[in-house]
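Quick one: this structure, given as structure tokens, is what I'll be asking you about.
Coordinate-derived values only; no laboratory data. These numbers were taken from a predicted model, which means no experiment stands behind them. Note: ideal-geometry Cβ built from the backbone for every residue, glycine included; neighbour counts use all protein chains shown.
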Amino acid sequence: MKKKRILAQEPVISREILAEAKRAAHPDKLPRSAKCVVCGAECAANSTEQLCWVCRRLKISAWHDSEQQVPAQE
């Protein structure tokens, strides 16, 4: 008994949509070639903003500092 050959068909979901869904499902897994948008170093694994660990830490630090500042009284 011979196996039937399955003809190549167009995929049900386009490759672009599938790739976008995979990126959305795993935002912590950026491609290894991803570079920090600030300094150009390799991106941190848990950075969704495409920042290296140094730039990400500086951003978080600056964000916390700006929240803690008390407005000057006149």
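Round to the nearest 0.05 the FRET efficiency obtained for A24 and R57 when R0 = 25 Å and r is the Cβ-Cβ distance.
It comes out at approximately 0.50.
Related question: What is the local net charge at V38, summed over the other residues whose Cβ is closer than 11 Å to its Cβ (Lys, Arg +1; Asp, Glu -1)?
Its environment carries a net charge of +2.
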